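Heads up: the structure comes next, in structure tokens.
The values are calculated or read from the model by the stated rules, or taken from the named source; none is laboratory data. Model, not experiment: these values are computed from the prediction. Counting neighbours? That spans all protein chains shown, and the Cβs are built from the backbone with ideal geometry, glycine included.
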Amino acid sequence: MAKITIPFGPQHPALKEPENFMLVLEGEQISGSTINLGYNHRGMEKAAESRTYIQNLYLIERVCGICSHSHTTTYITNVEELAKAEVPQRALAIRTLIAELERVHSHLLWLGVAGYEMGFETLFMYTWRDREQVLDCLELLSGNRVHYSINTIGGVRRDVSAEQKAEVLKRIKFLEGRTQYYIKLALEEPTIAARTADVGRLPPEVALERGAVGPTARASGIARDVRKDEPYLLYDKLDFKLITHNTNDVFGRLVVRALELVESYKMINQVINNLPEGPISVKVPMKIAPGEAVNHYEAPRGEDIHYLKSNGTDKPERLKVRAPTMANLQSVSYMLEGGWLADVPLVIAAIDPCMSCTDRAAVWDQKKGKMAVYGWEELRKLGIEHYKHRGIDFSKL
Amino acid sequence: MTEFTQEEKIKAALEAKFPGSVTNALVQRRNRVWLDLAPAALPEVLAWMKAEGFQYLSTVTGFDEGENLGACYHMNNNAMLVTVKVRTPRAKPEIPSILAVFPVAVSYEKELEDTLGIKVLGLPPGRRYPLAEDFPVGQYPLRKDWKTEDYLAQQAALLKSETK
């Protein structure tokens, strides 16, 4: 059969972000692929060099809409290391709490996207509805749903009160129950197995060779997690398991993420119940002595690594950011080869590239010929009422 | 320095194995080792490190120091990060490719060529990354003498002449 090369992206309905895959097809089967990136290059590393350390905090937060806390934490870990600042334990605990809430939010989002890509839209609706609980926790603690801005150089910007603790624990308890259901669903639902088993295979030796990180690597049986390998924040004091799976396919990636949710809930409980007392930040001078630091962090998608060089002024000399998707995309071209064209969106989604979301909607009322804009509260109320009719009552939360 | 046994071990091994090439090796703190390397020895040293358990090349950071351009290769064995730094003169910046050792480094090497103008010897030709296809050739935005304001002024002038 003749080989045909087709472009997939940079603008394609199945892709959430601009990237280009050149797929070589033999019929419906993929025999080769190359990935082209750079469509979303924003010049942040250059921009960082002309901004102060504190301004960069807000720039770096916007590297990614979902791992916003991951990037700022990696960045300020470097800044604090160079400034030789002793960050209070309570600040580290709050950072850990936000980090795990972020992981929960990201993994639930991924479960939804995966469900959507495999045509299981009920799963998408369920997980994104439940994800609102964790977004509410983040909003409660930080004042924002996606860009929490909880970090500041030398500590965190907001303390956690007793009421907030209780509220977060209540929501996490609810999510624990829901996650048990998702795990059951992932392991027992025949549609999921049919759609994900043996799709996007990545054997351990290839994952190692191609430098896969995070859940993508762990689903290929590689026990690689910065939280265990080089514990940062409070991870050396927390009790959690490193989750791996050995099916090397999309199914494994689904199981790893679902089980990691349980570990994150465990950690959130531990952090909240043993929050150290004390101040939440220390003063750090604006100017930072010359030096170099490199730190990594286990973001929801895998290892995030930053390099920072200071030159004695209040602006960095050089900042380098390597996000986990960059490392994982190298594995995608392997996963695609030999697979079917129809599985492409799912395989790409399985490494969890990111996308952003919005919190209001405009609805056109055809009968009245009027536009109604729904705010967050109204939309939420509408959602709750809708599910009440179907026998699922969330109004207690 | 007895508390950093692993770090001291890898530092000593590198110094003993590649005398002359490895200089200024430093154990900065727990799990962090830094060293300078002669560019010619780069593929050989990284291959040796890969065999010694540093299976991951986390990323490559290009930099501009004025006289010299260069790159940091952040080697990772999960816990420990060893940063291998090579420098090359600005007048003729060249670094050997490490694709034979780490095939995944292709986008990192393209980034060095695109953003800093460091010629990576042995990198196969192909589409540019990460800059846009219509970004002017021969401009290297991560060099310190490249100013965003100049570029924007240049683009604005171009746009004006096009609209006429």
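Among the residues of segment B:123-142, are any among the β-branched types (Val, Ile, Thr), in contact with a helix residue (DSSP H, G or I) (Cβ under 8 Å, 6 or more places away or on another chain) and part of a loop (DSSP other than H, G, I, E, B)? Scanning segment B:123-142 turns up no residue that is among the β-branched types (Val, Ile, Thr), in contact with a helix residue (DSSP H, G or I) (Cβ under 8 Å, 6 or more places away or on another chain) and part of a loop (DSSP other than H, G, I, E, B).
Among the residues of segment A:21-29, is any among the aliphatic types (A, V, I, L, M), within 14 Å of another protein chain (Cβ to nearest Cβ) and over 16 Å from residue A:306 (Cα atoms)? Yes: segment A:21-29 contains one or more residues that are among the aliphatic types (A, V, I, L, M), within 14 Å of another protein chain (Cβ to nearest Cβ) and over 16 Å from residue A:306 (Cα atoms). For segment A:44-63, indicate whether the set of residues that are within 30 Å of residue A:152 (Cβ to Cβ) and at pLDDT below 85 is non-empty. No: segment A:44-63 contains no residue that is within 30 Å of residue A:152 (Cβ to Cβ) and at pLDDT below 85.
Residues B:50, B:92, B:9: which one is more than 26 Å from residue A:311 (Cα to Cα), more than 9 Å from chain A (Cβ to nearest Cβ), in contact with a strand residue (DSSP E or B) (Cβ under 9 Å, 6 or more places away or on another chain) and among the basic types (Lys, Arg)? One residue alone meets the criteria, B:50.
Applying the condition of being over 30 Å from residue A:171 (Cα atoms) and surrounded by fewer than 17 Cβ atoms within 10 Å (Cβ to Cβ) to segment A:274-291 and asking which residue is nearest to the other protein chains (Cβ to nearest Cβ) yields A:290. Taken residue by residue, segment B:144-153 has at least one member that is in a helix (DSSP H, G or I), over 21 Å from the mean Cα position of the chain (by Cα) and facing another protein chain (nearest Cβ under 9 Å).
Each row is one residue, and each column tells you yes or no for (1) in contact with a Leu (Cβ under 9 Å, 6 or more places away or on another chain); (2) surrounded by 20 or more Cβ atoms within 10 Å (Cβ to Cβ).
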position	(1), (2)
A:72	yes, yes
A:76	yes, yes
A:84	no, no
A:93	yes, yes
A:99	yes, yes
A:108	yes, yes
A:112	yes, yes
A:118	yes, yes
A:128	yes, no
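Return the residue satisfying two criteria in turn: it lies in segment A:147-182 and is of a type in the set (Phe, Trp, Tyr) and part of a helix (DSSP H, G or I), and of such residues it is surrounded by the most Cβ atoms within 10 Å (Cβ to Cβ). That would be A:182. For segment A:196-223, a tally of residues being within 21 Å of residue A:118 (Cβ to Cβ) and either free of Cβ contacts under 8 Å to residues at least 60 places away in the same chain or among the basic types (Lys, Arg) (or both) returns 6. Being touching a His at 6+ places or on another chain (Cβ under 7 Å) and closer than 21 Å to residue B:112 by Cβ holds for only one residue in B:123, B:131, and it is B:131. Looking only at segment A:183-209, residues that are within 14 Å of another protein chain (Cβ to nearest Cβ) and part of a helix (DSSP H, G or I) come to 6 in all.
Scanning segment B:95-117 for residues that are within 14 Å of chain A (Cβ to nearest Cβ), without any contact (Cβ under 8 Å) to a residue 24 or more places away in the chain, of a type in the set (A, V, I, L, M) and surrounded by fewer than 23 Cβ atoms within 10 Å (Cβ to Cβ) turns up at least one hit.
Note on segment B:54-83: residues that are at the interface with chain A (Cβ under 10 Å from one of its Cβ atoms) and charged (D, E, K, R) amount to 2. Pull up segment A:233-257, narrow it to residues that are of a type in the set (A, V, I, L, M, F, W, C) and within 20 Å of residue A:70 (Cα to Cα), then point me to the one that is surrounded by the fewest Cβ atoms within 10 Å (Cβ to Cβ). Filtering segment A:233-257 for residues that are of a type in the set (A, V, I, L, M, F, W, C) and within 20 Å of residue A:70 (Cα to Cα), the one surrounded by the fewest Cβ atoms within 10 Å (Cβ to Cβ) comes out as A:242. Pairs meeting the criteria (first residue in segment A:292-320 and more than 10 Å from every other protein chain (Cβ to nearest Cβ) and within 29 Å of residue A:106 (Cα to Cα), second residue among the acidic types (Asp, Glu) and in a strand (DSSP E or B), beta carbons under 7 Å, at least 6 apart or on different chains) are A:297/A:304. Determine, yes or no, whether residue A:236 is acidic (Asp, Glu) and under 22 Å from residue A:77 (Cβ atoms). In short, yes.
Could you tell me which residue of segment A:229-265 is farthest from residue A:183 (Cα to Cα), considering only residues that are among the basic types (Lys, Arg) and over 18 Å from the mean Cα position of the chain (by Cα)? The selected residue is A:237.
To keep it simple, each residue is scored yes or no on (1) surrounded by fewer than 24 Cβ atoms within 10 Å (Cβ to Cβ); (2) outside the structural domain of residue A:151 (by TED's automatic domain parsing); (3) touching a strand residue (DSSP E or B) at 6+ places or on another chain (Cβ under 9 Å).
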{"residue": "A:186", "(1), (2), (3)": "yes, no, no"}
{"residue": "A:193", "(1), (2), (3)": "yes, no, no"}
{"residue": "A:199", "(1), (2), (3)": "yes, no, yes"}
{"residue": "A:220", "(1), (2), (3)": "no, no, no"}
{"residue": "A:224", "(1), (2), (3)": "no, no, yes"}
{"residue": "A:231", "(1), (2), (3)": "yes, no, no"}
{"residue": "A:266", "(1), (2), (3)": "yes, no, no"}
{"residue": "A:272", "(1), (2), (3)": "yes, no, no"}
